[in-house]
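Everything below concerns the one structure shown next.
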Amino acid sequence: MSLPAFKALMTHTVNLRKLSRNVAGDFSTISTTNGLKGFVQYDSSLVIKEKNETFIHASAIVFLQDNCGIDDNYPYWMIDETSPHTKSNLEVLKVNRIDDPQTGDTHHFELICR
């Protein structure tokens, strides 16, 4: 899909929160990126979290543009959808970096959430 066509699909607005975890296991927000354009697809599905075939139940997939600022190697993220629906605290279980096979550059990110 061409980049202009893909960006036209980004009709939802989300906030991306980077979390930190303390020794007691409690989370706190260390940074927030507000107003990102993306697309949230709500659907219940099972996905493989790791290569050892650990299945997890996901309730949404959030598609974000390549410039969203997410680090796919960092483990703790949360999504809050602010428009057109309001849904808070979507826990990001897995971040998939989707690369353009022609250029090798990142095309977009798919965040598996619950």
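Every number here is computed from the coordinates shown, using simple stated rules; none is lab data. Since the model is a prediction, treat every value here as computed from it, not as a measurement. FYI the Cβ positions are ideal-geometry reconstructions off the backbone, even for glycines, and counts take in every protein chain you see.
Taking a point 7 Å from the Cα of residue 114 along the Cα-to-Cβ direction, the residues of segment 60-92 with backbone N closer than 18 Å to it are 60-62, 75-80, 88-92.
For Cα Rg over 2.2 N^0.38 Å, the choices are (1) 1.17; (2) 1.07; (3) 2.88; which was calculated from the structure? Among (1) 1.17; (2) 1.07; (3) 2.88, the one derived from this structure is (2). In this rough spin-label picture, where each label sits 7 Å from Cα along the Cβ direction, the residue 47-residue 32 distance is 2.4 nm.
At 222 nm, what helix-only mean residue ellipticity would the chain give, in deg cm²/dmol to the nearest 500, using -39500 (n - 2.57) for each DSSP H run of four or more?
After summing the helix terms and dividing by the residues of the chain, the value is -1000 deg cm²/dmol.
A Förster radius of 22 Å combined with the Cβ-Cβ distance from residue 15 to residue 96 puts the calculated FRET efficiency at roughly 0.65. 3J(HN,Hα) along segment 61-78: 10, 10, 9, 10, 5, 5, 9, 6, x, 7, 9, 6, 9, 8, x, 10, 9, 9 Hz, from the Karplus curve 6.51 cos²θ - 1.76 cosθ + 1.60 with θ = phi - 60°, whole Hz, x for Gly and Pro.
Comparing 66, 43, 80 in a Gaussian network model of the chain where C-alpha atoms under 10 Å apart are linked, the largest mean-square fluctuation is found at 43. Any idea which of 24, 42, 64 is furthest toward the positive side of the dipole for the chain, if Lys and Arg beta-carbons carry +1 and Asp and Glu beta-carbons -1? Highest projection toward the positive end goes to 24.
Given R₀ = 41 Å, FRET efficiency for residue 106-residue 24 by Cβ-Cβ distance, to 0.05? FRET efficiency, residue 106 to residue 24: 0.70. Each label point was placed 7 Å from the Cα along the Cα-to-Cβ direction; for residue 55 and residue 89 their separation is 2.7 nm.
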